[in-house]
Amino acid sequence: MSDPSEPASPPLLDAIARLNKALESLENRVDKAARAAKQPKNVPAELQRMADDRARLAQELDDSQARTERLSKTNSDVSRRLVKAMETVRDVIDQRGKG
């Protein structure tokens, strides 16, 4: 091992200088990326996109609710008709049994 009291060799000094320069460059890029991440990108366009999405979703919800109401009414109508048909069948069976 080398003695810490000995002066560093020129190649070692060059390597340390390059390492320090690379670390400084890396720190600068990380800082720049962090600042860029904090700053909102095109805010008006983003707000418009969100408003468009909200309007589209609201329309889809309205359409779904209307469809649900139609299906519920249809279901009630079919159920009512089935009950009437079963009663009719039961009446026919009862009449044939008596006759």
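The values are calculated or read from the model by the stated rules, or taken from the named source; none is laboratory data. Here the structure is a predicted model, which means the values were calculated and not measured. Cβ placement follows ideal geometry from the backbone for every residue including glycine, while neighbour counts extend to all protein chains displayed. The area values use the complete protein model at the heavy-atom level, side chains included, leaving out ligands, DNA and RNA. Shrake-Rupley method; radii C 1.70, N 1.55, O 1.52, S 1.80 Å.
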### Message
Considering only the stretch 54-63, I want to know if a residue exists there that is exposed (fewer than 10 other Cβ atoms within 10 Å of the Cβ), without any contact (Cβ under 8 Å) to a residue 60 or more places away in the chain and not in a loop (DSSP other than H, G, I, E, B).
### Response
no
### All positions within the stretch 9-37 that are in a helix (DSSP H, G or I) and of a type in the set (S, T, N, Q)
20, 25, 28
### Task
Evaluate the following for residue 73: is it in a helix (DSSP H, G or I) and either open to solvent by 100 Å² or more (accessible area, probe 1.4 Å) or in contact (Cβ under 8 Å) with a residue 12 or more places away in the chain (or both)?
yes
